[in-house]
Amino acid sequence: MKIVETPDSAYAHINGWRCEGFKVGLVPTMGALHAGHLSLVERSRSECDYTAVSIFVNPTQFGPHEDFSKYPRTLEDDLRQLSNLDVDLVFAPQNTSLYPDGFSCFVGTPKVAQPLEGIHRHDHFAGVTTIVLKLMNIMPANVAYFGMKDYQQLAVIRRMVEDLNVPIQVAGCPTVRESDGLAMSSRNRYLSPEGRQKALCLSKALNFAADAIASGQTAVSEIEASMQKLLVENGADSIDYARIVDPDWLTDISTITGPVVALIAAHVEKTRLIDNRVIELEN
């Protein structure tokens with residue numbers, strides 16, 4: 001497994017493989033790897049000749065009062081896990097390699113970035129689109145793999161890639177959960193044992209929404225109100241949103257007539273957690 005820190009070195013390796021006709025997969029991460037990340041790596045390994053992983057805690061996607069300074073940084077353990085999976089290349093740059101003095105160009109965000117996270121984390125997606133496009137340029141793979149737990153992020157990246165004609169395929173991979181239903185997240189390690197149990201309120205609320213829709217309920221506002229009530233009663237200290245929206249554009253809907261996505265962002269203890277579930281109508 002090769003470990004590189006400079007954009008030029010990362011580009012040289014991946015461009016070399018591409019020029020030789022090999023298929024290359026890219027898994028962008030912020031480190032603090034867990035089984036969810038590793039599932040992306042495993043999918044890339046199964047579909048591509050070479051797999052490259054980036055590890056970079058991107059400062060531009062964090063707000064001024066968010067957790068950039070305390071975000072877990074576990075590079076040594078991350079590298080051990082990736083080596084065990086036979087990853088071919090790890091790009092682990094310093095901040096100055098990607099944001100040198102004078103950096104001032106950011107990628108605009110599409111409409112799908114405006115609701116939900118766009119309301120509560122105002123500049124978040126400008127940081128996401130910028131770093132992802134930079135990584136796609138530095139590491140010009142055939143396919144980039146992203147987890148569906150960050151559903152809106154995946155939608156934003158897909159829109160960016162299509163609108164800007166980025167020559168890469170974006171693959172969304174299913175959310176990986178703990179045995180009790182908690183979506184795996186690097187931020188779960190912030191939780192106390194009690195908070196860890198309270199965090200199950202997110203998956204409980206999503207399961208409730210799916211069951212309500214399966215039973216024939218179609219009024220979105222009523223289901224959302226019940227989701228919020230369930231979250232508060234089961235441990236959420238505050239709720240940013242608990243919404244049911246169009247799965248493609250994340251726009252508001254009032255009545256369920258087809259597939260939807262339910263999305264939640266809530267705070268448990270001092271940790272902000274997100275989760276989602278795509279819900280199909282049963283025939």
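Determine the alpha carbon to alpha carbon distance for each of Lys2/Lys270; Lys70/Lys204; Lys149/Lys229; Lys2/Lys149 and list only those over 30 Å.
Lys2/Lys270
Please report, in whole Å, how far the alpha carbons of the range 16-65 spread along each principal axis, starting with the longest.
Per principal axis, max minus min of the Cα coordinates gives 45, 25, 10 Å.
Counting only DSSP beta bridges with both residues in the chain, what percent are antiparallel, rounded to the nearest 5?
Numbers: 19 of 38 bridges.
Roughly 50 percent of the DSSP beta bridges within the chain come out antiparallel.
So, in nm, how far is label Asp123 from label Thr74 when the simple model puts each one 7 Å beyond its Cα toward the Cβ?
Result: 3.0 nm between the two label points.
From the P(r) of the range 83-122, could you give the percentage of C-alpha pairs in the tail past 12 Å? Write down the numbers at each step before the final one.
Details: 583 of 780 pairs.
Summing the P(r) tail past 12 Å for the range 83-122 gives 75 percent.
Along the Cα-to-Cβ line of Leu281, 7 Å from the Cα, sits a label point; which residues in the range 191-228 have backbone N less than 18 Å from it?
So the set is 209-224.
Given points 7 Å out from each Cα along the Cα-Cβ axis, report the Asp248 to Lys23 separation in nanometres with one decimal.
Taking the two extended label points, one gets 2.7 nm.
Could you run the Karplus curve 6.51 cos²θ - 1.76 cosθ + 1.60 with θ = phi - 60° over the range 146-155 and give me ³J(HN,Hα) per residue in whole Hz, x for Gly and Pro?
Per residue, the Karplus-derived 3J(HN,Hα) values read 9, x, 7, 4, 8, 4, 5, 4, 4, 5 Hz.
Shape of the range 2-173 from its Cα gyration tensor (a ≥ b ≥ c, root eigenvalues): rounded if a/c is under 1.5, otherwise prolate when a/b > b/c, or oblate? If you can, show how the numbers build up before the last one.
On the way: a/c = 1.44, a/b = 1.31, b/c = 1.10.
Rounded is the answer for the range 2-173, as its axis ratio a/c remains below 1.5.
Between Leu26 and residues 5 or more places away or on another chain, which pairs have amide H atoms under 5 Å apart, with H built 1.01 Å from N, and which residues are they?
Sorted by chain and number, the residues that satisfy this are Ala52, Val143, Ala144, Tyr145.
How high is the relative contact order of the range 2-173, in percent, with contacts defined as C-alpha pairs under 8 Å that are six or more residues apart? Numbers along the way, then the final one.
Working: 265 pairs, mean separation 50.6, N = 172.
29 percent.
Under a point spin-label approximation (7 Å from Cα along Cα-to-Cβ), what is the Glu47-Asp180 distance to one decimal in nm?
3.2
Can you give me the Cα centroid spacing of the range 21-38 and the range 120-166 in angstrom?
For the range 21-38 versus the range 120-166, the Cα centre distance is 14 Å.
Short version: ³J(HN,Hα) in whole Hz for each residue of the range 70-85, in order, from phi by Karplus 6.51 cos²θ - 1.76 cosθ + 1.60 (θ = phi - 60°), x for Gly and Pro, what are they?
Those phi angles translate into 9, 4, x, 10, 10, 4, 4, 5, 4, 5, 4, 5, 5, 5, 5, 9 Hz.
What residues qualify as long-range amide H neighbours of Asp240, i.e. H under 5 Å apart, gap of 5 or more or another chain, H built at 1.01 Å from N?
Those qualifying (amide H under 5 Å, at least 5 residues apart or on another chain) are Ala265, Ala266, His267.
What is the sum of charges, Lys and Arg at +1 and Asp and Glu at -1, for the other residues whose Cβ falls under 15 Å from the Cβ of Ser254?
Working: positive: Arg243; negative: Glu222, Glu224, Asp246, Asp252.
Here the count lands on -3.
Cα atoms only, the range 45-88: Rg and Dmax in Å?
14.0, 41
Across every pair of different alpha-carbon atoms, what Kirkwood hydrodynamic radius in Å does the range 186-274 reach? Write down the numbers at each step before the final one.
Values: mean 1/r = 0.0749 Å⁻¹.
Here the Kirkwood hydrodynamic radius works out to 13.3 Å.
If packing is taken as the average number of other Cβ atoms within 10 Å across a peptide's residues, how do 244-254, 143-153, 24-34 rank, most packed first?
Working: 244-254: 15.7, 143-153: 21.6, 24-34: 23.4.
Ranked from most to least packed, the peptides come out as 24-34, 143-153, 244-254.
Quick note: the coordinates plus some simple rules give every number you see, no bench work behind them. These numbers come from a predicted model, not from an experiment. Glycine also receives a Cβ, built like all others from the backbone with ideal geometry; neighbour counts cover every protein chain displayed.
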